[in-house]
4 protein chains.
Amino acid sequence: MSTALSGDFAATYLTGDNTGVLTTDAQKNAVYALARQQAPLPAEEFGQRLGRHFVSAAPVQRARVRAEQHGWRRLDAAGAPHPHSFERQSGTRIASVMVQAGGGSEVVAGTGDLVLLKSSGSEFKDFLRDEYTTLAPASDRILATVVDARWRFAVTPPDWDASFAAATGALREAFALTYSRSLQQTLYVMGEAVLAACPEACEVRLSLPNKHHFLVDLSPFGLDNPGTVFHAADRPYGLIEGTVLRPDAPPGDPDHDW
Amino acid sequence: MSTALSGDFAATYLTGDNTGVLTTDAQKNAVYALARQQAPLPAEEFGQRLGRHFVSAAPVQRARVRAEQHGWRRLDAAGAPHPHSFERQSGTRIASVMVQAGGGSEVVAGTGDLVLLKSSGSEFKDFLRDEYTTLAPASDRILATVVDARWRFAVTPPDWDASFAAATGALREAFALTYSRSLQQTLYVMGEAVLAACPEACEVRLSLPNKHHFLVDLSPFGLDNPGTVFHAADRPYGLIEGTVLRPDAPPGDPDHDW
Amino acid sequence: MSTALSGDFAATYLTGDNTGVLTTDAQKNAVYALARQQAPLPAEEFGQRLGRHFVSAAPVQRARVRAEQHGWRRLDAAGAPHPHSFERQSGTRIASVMVQAGGGSEVVAGTGDLVLLKSSGSEFKDFLRDEYTTLAPASDRILATVVDARWRFAVTPPDWDASFAAATGALREAFALTYSRSLQQTLYVMGEAVLAACPEACEVRLSLPNKHHFLVDLSPFGLDNPGTVFHAADRPYGLIEGTVLRPDAPPGDPDHDW
Amino acid sequence: MSTALSGDFAATYLTGDNTGVLTTDAQKNAVYALARQQAPLPAEEFGQRLGRHFVSAAPVQRARVRAEQHGWRRLDAAGAPHPHSFERQSGTRIASVMVQAGGGSEVVAGTGDLVLLKSSGSEFKDFLRDEYTTLAPASDRILATVVDARWRFAVTPPDWDASFAAATGALREAFALTYSRSLQQTLYVMGEAVLAACPEACEVRLSLPNKHHFLVDLSPFGLDNPGTVFHAADRPYGLIEGTVLRPDAPPGDPDHDW
């Protein structure tokens, strides 16, 4: 959870007059106190209430609240899900909310560490060749990425948790079902799938690193390598980014750093 | 995957005479080549074959092979598990194998990042109080840890994959079912559970960081906090370590750094 | 070093037609080839030439080139600096260049990991107190931060290396000489100092985490603690951000993500 | 700073009886309190006093204390070193002390992140060639590493700080002055140099990753590359380890994990 406030804080920057500064320590305390006073809420809704609290104070014009939520699964024990024992799951749910003192707010949801891989059904060929292009075309390659996705809401969905589940399910299914001619193409299909699954979302931003899996050359050892042994490289790597926007999407908040 | 060879390499250290040095690059190549020549094997068995290869060369007396294996789950797409699309799972399977030129080998299996939490069923009280003890006794605390576990085999199990599943299932279930008077006690029960689930294992080593969840003091804000809002602290933290050994366990290899 | 190209790449996203895609692999090769063809250049200048190369290709409209440079110091050996042996220094020099196909370019320089600490000469008091404020005023506290600074150039300085040295020297000296009433005030003075030291720079952005050093309460042990023993905490922490802009600064490139 | 205690803690592991457990929280408090009660001490000496404190309590048989110390340099400001403003330096000083209840203690010093590079004066050739060896011999290569070094003391040196400076100076100078036929050879010379510089030390352990710098093949672009452009690779990498022991070194403490 992080909170960021902006507004008329000129005095502290210019003269060290702190009388208008809400301390970061008090911001932290407000998170705890609000968590106590509310029933558990989806992160998007908690972020809105917390942001609303912050902009109610005089010098604060805008409050951005970001939350990261880890999933927990009940442990099975003695043949049944255990009542109070849990295992943490992979996958992070992200909410970023920007609240304006005037009243408006913008909600962005997302996921940050969904690692997906296709062992087939991916090619990359017929690309531009300049004087520095040495990459060989690939008709059947491994495609792997860590999905970093955010989607902005134009209107509030009826159920934040269901909306998140629909969006991440759509990301997974689009990745699986798309025969990929490029990671760019897969990105666009994934973005479209989120918009289709979340009618209240109007913009999707995706950042997909290309986690290269290089076929190892085993010919020095008298061996062929028909798609069997790969080197999963870390760096350097390609990074494909893109935004999918509904034609009728309202403009986003330029101050909201997702 | 990492490999470490030891043997009579004195010449390169003392004089820079490299005629007895098997390069680390060749070790890497051997991993790839062996992976091509074998059908897929459990990590423990692959490690043994690779180590056996290394010690077959003249100056190598001992080879240690460590592997880390990530789990992948098939994606569901169009109502069925997809044939070639996968999502990475949390949890790492570890195998560490030490092979001696003479013939013997020692196999250790393990897991490295299993995050477990009990929201109840844990206390810590009646501990020693010295002049620097300020910790309050806790009758009902959150207990959370990242399980780092290794277990050594005295004999080869019939099925490495089944053995790993049994061991990690035992770790989870023991954590869930044990009413915890201390993380030390939970550790011991978890170690015993691995030995019970894996009759071929003879020694279990556990390293359990205490991922503290501190109840936040909300009284300055006129609020109580009956186990509702916690601060999940990073550092400093306690680390509980222990070894559970069968009475009849054969001695382990002192050169094998698990 | 990272490169990012944008332009008319719609076809690959929409249809998987890759004929307009300059591969990330070719971008990497271009970096290597340009490095061979040039005498060593300051990162800012190398970035401009590399960016100019990229936008000379048809579909590329904008190229952003970012470089991180580590410092190396000659080792002293046998009483003199050694001709070809070096030790890496702390501190990272950053250059981010955005080149437009039309001809313009924007250069930003910066530093990323300068850790500074004042053991005295810092206070924080007379701040706003809301219902969640519990922080005690501090008349003499430790102030520590990791300086993340970027500065944008309106015109090209005569010597990039000298300009970088002047800017980072100014950051250090402003931090040292300023009696700090708040980290915000220190930030502003540091930003002004960069503008004073680099007449060609027109905008400075600073992001300063407050690396808290909390005085440990030793009273349970019958000990006072007059500014002697501190807990250097990791999280949570405050983050102070700010921009210092010359009144006559030309507008920046909105697509340039520093 | 970390502390680890061992002794007769069987009860808490076996039954959850915590009456003999000195909490990790009290260990932390003891660090703070001892820091208050002592004048500033070298890390090795502080570790000994802290360890001595811990083993004075009944069930503790052995205490291991590890400290990591970062260097700080005074900032220059207004033409002079500033009295209370500092910049953190690269390089970490490590001390690991094992204290026995009976009275003995073992002190190990070290350094953890010294990055060294030779741009010439390093070769690697005439090595063993097995069926998986494809590495080309190198007559003039870049040699780079991150020195992880520890040295054990047989007797207490007159000045811990001077001893540390002598040891790290010797590591640097040996690296610089040695024409390297292998990283193994360089390692041995570095170990010998520490023993020569620290007469009280009796054993040196070094772990040196080979930070490969690969010459980039620019021939596809019609360019030569006479040692000009390199790819600094992360992984995979070779790791060279070794111990240099005086012939008359007393045996080390087998329970002391450096």
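Every number here is computed from the coordinates shown, using simple stated rules; none is lab data. Every value quoted in this text rests on a predicted model; they were computed, and no experiment measured them. All Cβ positions, even for glycine, are placed from backbone atoms using ideal geometry, and neighbour counts span all protein chains on display.
A few notes on this one:
- Reachable lysines, given that their alpha-carbon falls under 27 Å from the alpha-carbon of A:Lys118 and they are not under 8 places away in the same chain: A:Lys211, B:Lys28, C:Lys28
- When DSSP beta bridges are restricted to pairs lying wholly in the protein assembly as shown, around 95% turn out antiparallel.
- The translational diffusion coefficient of chain C, from Stokes-Einstein at 37 °C and 0.692 mPa s with a Kirkwood hydrodynamic radius over alpha carbon pairs, comes to 154 µm²/s.
- Relative counts (whole %) of C-alpha pair distances in region C:184-258, using bins that are 10 Å wide: 16, 30, 24, 16, 10, 4, 0
- Overall, the ratio between the Cα radius of gyration of the protein assembly as shown and 2.2 N^0.38 Å, rounded to two decimals, is 0.98.
- Amide proton proximity set for B:Asp113, modelled H, under 5 Å, gap of 5+: B:Thr92
- Listed residues A:Pro250, A:Gly121, A:Pro220: farthest to the positive end of the dipole of region A:104-251 (Cβ charges): A:Pro220
- For the segment C:81-93, counting C-beta atoms of other chains within 10 Å of every residue's C-beta and taking the mean gives 6.
- J(HN,Hα) series, region C:223-235, from Karplus relation 6.51 cos²θ - 1.76 cosθ + 1.60, nearest Hz, glycine and proline x: 10, 8, 8, x, x, 10, 10, 10, 9, 8, 8, 8, 8
- Sorted from shortest to longest, the distances between the C:Asp248 label points of this copy and the other copies are 5.0, 7.7, 9.2 nm, with each point 7 Å from Cα along the line through the beta carbon.
- Debye, to nearest 20: dipole size of the protein assembly as shown, +1 on Lys, Arg Cβ, -1 on Asp, Glu Cβ: 0
- Max mean-square fluctuation residue, GNM over chain B, Cα-Cα springs under 10 Å, options B:Asp161, B:Asp148, B:Asp234: B:Asp234
- Region D:47-102: Cα Rg divided by the 2.2 N^0.38 Å rule of thumb: 1.76
- Choice from B:Pro157, B:Pro247, B:Pro199 showing the highest fluctuation, given a GNM over chain B with Cα pairs closer than 10 Å: B:Pro247
- Along its three principal directions, the equivalent ellipsoid of region D:108-252 from the Cα gyration tensor extends over semi-axes of 34, 16, 12 Å, largest first.
- Degrees, to the nearest 10: B:160-177 long Cα axis against longest axis of chain B: 10
- Computed over region B:25-137, the Cα gyration tensor eigenvalues convert (square root of 5λ each) into semi-axes of 39, 28, 10 Å, ordered from largest to smallest.
- Judged by the gyration tensor of its Cα atoms, with axes a ≥ b ≥ c, region D:76-188 is oblate; a/c meets the 1.5 cut and b/c is at least as large as a/b.
- Region C:152-184: chymotrypsin sites (Phe, Trp or Tyr not before Pro) in DSSP coil with no more than 14 other Cβ atoms inside 10 Å: C:Tyr179
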